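Enquirer: Right, I'll just put the structure down here and ask away after.
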Amino acid sequence: MDSSLLTSPGFWNAAEPFAPGGFPGGIPDLPELRGHVLFETSGSTGEPKWIALSKAALFASAEAVNLHLEVSPRSCWGLALPPRHVGGFGVAARAFAAGCGFREFGRSWDARGFFSWLAENEVTHTSLVPTQVHDLAAAGLRAPSTLRAVVVGGGRLDMDTGRAARRLGWPVLASYGMTEAASQIATQGLDALEDLYQPAPIPLLPIWRAETSVEETLRIAGPALFSGVLALVDGSWVYQPRISEWHGTDDRMRLENGGLTPLGRADAKVKVLGELVDVEQIEREIAALAGAALATGGFVVVAVPDARAEHALVPVFDVMVDAAVIAEAMRAYDRQAPGFRRLRPAVVLAEFPRSPLGKPLRREIARRIAGPPGA
């Protein structure tokens, strides 16, 4: 798909529904989908579903991000994420909303190639995932002087990697968002670049209202919220409209003074030897122990069934991670972990399942490494 089409008035004025990643068998002819863009995701069962976002919602999100990051007609948004995902699509939407420049990287990820492309095109704003930031910092590449903001989404950029990138001039800003919200819900502002990088708190964008439940899960309401979901039910696509102005998530969050601090997903906690364990917290501890040598998206800790302990915890690494880094990180973690949080020996996968944005697919990884019960 030519992403430059997403910056044309013709696209934004068209009523026909559109799926930037393509829709299997053609989009159903439903009046509820007119003026909507569809993004594929998967539910808790793993079944495919499509989030329907109105073009008005996508435009509202784009305008809010542009205002927050001081984007002007003289700016240039650079796209290095797949446009079939809302994070990549949002970059093109912001360029259209601002009436500013737009450039697409348009090839397989390569840190040095991306660095040269940024400089050649005088890109001022872009969005990346943590793995891409890690690659830029690990290569020792100094950011072009024209670059004003790098919004980091699709996962948590840890403090060590963020600070390593900042030392090289990369203006990395933590963000939090989701497909159902047309991309960003909270994003650090340009004023955050005056201080050392911190992954949180992340200020809410003004278009959003937020609250947390007694279980600390986040609820949001705002003009960029999705309209409904297209789900496959008994072999047929069924449109399920959103019925409340509020959307509840499974993300645990601390909300203070208009800022969000992600605490992990509610379903990331499992029982081990009768103790409740947060596997995402363990991942953060391992990343911190390894420093900037270990990219956040280069590994996961998954829970597999265990007859005695209920669950066993297994660290799973991408084969691209240096073996010495893995060994040292595991030794450092073992030295300080209590018994119920101990890990099984690390597993390295030659094919590490990832989403189009490079986010590890936990369910698939767990399925691949899980042995027979009690093993």
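Taken together, the values in this text are just the output of simple stated rules run on the coordinates, not laboratory data. Values in this document were obtained by computation on a predicted structure and should not be read as measured data. Neighbour counts run over all protein chains shown; Cβ positions are idealised from the backbone, glycine included.
Enquirer: Using the 10 angstrom Cβ neighbour count as an exposure proxy, how do Ser213, Ser236, Ser355 rank, fewest first? Mind showing how you got there, number by number?
Expert: Details: Ser213 13, Ser236 8, Ser355 17.
Least crowded to most crowded, the residues run Ser236, Ser213, Ser355.
Enquirer: I've got another one for you. Could you calculate the contour length gain from Leu276 to Ser145, that is, 0.36 nm times the residue separation minus the distance between their Cα atoms, to one decimal place in nm?
Expert: 42.5 nm
Enquirer: Please enumerate, by chain and number, the lysines with C-alpha under 21 Å from the C-alpha of Lys269, excluding those fewer than 8 residues away in the same chain.
Expert: Lys359
Enquirer: List the DSSP H helices in the chain whose Cα atoms stretch 18 Å or more along the helix axis and whose mean Kyte-Doolittle hydropathy is at least -1.0.
Expert: For the chain, where a helix must reach 18 Å along its axis and average at least -1.0, the hits are 55-68, 323-336.
Enquirer: Could you give the length gained by full extension between Ile369 and Ala221, i.e. 0.36 nm per residue of separation minus their alpha carbon distance, to one decimal place? Write out the running numbers ahead of the final one.
Expert: Working: separation 148, 0.36 × 148 = 53.28 nm, distance 3.84 nm.
Between Ile369 and Ala221, full extension yields an extra 49.4 nm.
Enquirer: Taking Cα pairs under 8 Å and at least six residues apart, what relative contact order does the chain come out at, in percent? Kindly include the intermediate steps, with their values, before the conclusion.
Expert: Details: 741 pairs, mean separation 46.0, N = 375.
So the answer I get is 12 percent.
Enquirer: I'd like to know which of Ile220, Gly155, Ala192 lies farthest towards the positive end of the charge dipole of the range 143-292, counting +1 on Cβ of Lys and Arg and -1 on Cβ of Asp and Glu.
Expert: Ala192
Enquirer: Here's another thing I want to ask about it. Can you tell me the length gained on complete extension of the stretch Ile243 to Arg335, counting 0.36 nm per residue apart and subtracting the Cα distance? The partial results should precede the final answer.
Expert: Details: separation 92, 0.36 × 92 = 33.12 nm, distance 4.96 nm.
In short, 28.2 nm is gained.
Enquirer: HN-Hα J couplings of the range 171-179 from phi, Karplus 6.51/-1.76/1.60, θ = phi - 60°, integer Hz, Gly and Pro as x?
Expert: x, 6, 10, 5, 9, 9, x, 6, 4
Enquirer: Quick check for me: using +1 on Lys/Arg Cβ and -1 on Asp/Glu Cβ, what's the dipole size of the range 280-375 about its Cα centre, in debye to the nearest 20? Please list the in-between numbers first.
Expert: On the way: 13 positive and 11 negative charges, 41 e Å.
I would put it at about 200 debye.
Enquirer: Using amide H atoms built in the peptide plane, which far-off residues or other-chain residues are under 5 Å from Ser355 H to H?
Expert: Amide H to amide H, under 5 Å and 5 or more residues apart or across chains, Ser355 pairs with Leu361.
Enquirer: Arranged by the count of other C-beta atoms within 10 angstrom, fewest first, what order do Trp208, Trp50, Trp237 take?
Expert: Working: Trp208 21, Trp50 27, Trp237 16.
By the 10 Å Cβ count, ascending: Trp237, Trp208, Trp50.
Enquirer: Oh, and also: Using Cβ counts within 10 Å as a stand-in for footprinting exposure, how do Tyr333, Tyr176 rank, fewest first?
Expert: Tyr333, Tyr176
Enquirer: Where nothing but the Cβ of Lys and Arg (+1) and of Asp and Glu (-1) is charged, how large is the charge dipole of the chain around its Cα centre, in debye to the nearest 20?
Expert: 420
Enquirer: A further question on this structure: Give me a comma-separated list of calculated 3J(HN,Hα) values for the range 14-22, in order, Karplus coefficients 6.51, -1.76, 1.60 applied at θ = phi - 60°, integers in Hz, x for any Gly or Pro.
Expert: 6, 8, 5, x, 9, 10, x, x, x
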